[in-house]
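K.L.:
Handing you this structure, nothing more for now.
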Amino acid sequence: MMGLAPHLGRQQAHDAVYQACRDALAHKRSLFEVLMANPAISDALPVDRLRALCDAANYLGSAPAMVDAIVRQPRPA
């Protein structure tokens, strides 16, 4: 959604991605496929950028650092 927001506006990007997620689940298709089938989205972003936005490895955010911090904490006695 955040990758589309500069092109479509935040609310329209949110609505488009939300609907695409629902469609992907309902029709057992990948989110990337569903997003590519939407002309508003496929016209807004190049295929490689959209593919990168759909790659889970690119949106783990702070999760790895948070896990490392928890693992480093001393265990209670």
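K.L.:
Do you know which residues across segment 32-77 are acidic (Asp, Glu) and under 30 Å from GLN19 (Cβ atoms)?
P.N.:
Answer for segment 32-77, where residues must be acidic (Asp, Glu) and under 30 Å from GLN19 (Cβ atoms): GLU33, ASP43, ASP48, ASP55.
K.L.:
Restricting to segment 6-45, name every residue that is in contact (Cβ under 8 Å) with a residue 40 or more places away in the chain and within 18 Å of ALA56 (Cβ to Cβ).
P.N.:
Once the filter is applied, which keeps residues that are in contact (Cβ under 8 Å) with a residue 40 or more places away in the chain and within 18 Å of ALA56 (Cβ to Cβ), segment 6-45 yields only LEU45.
Where a number appears in this text, it was derived from the coordinates with a stated rule and is not lab data. All of these numbers come straight from a predicted model, not from anything done at the bench. Reconstructed Cβ throughout: ideal geometry from the backbone, glycine too, with neighbour counts over all protein chains shown.
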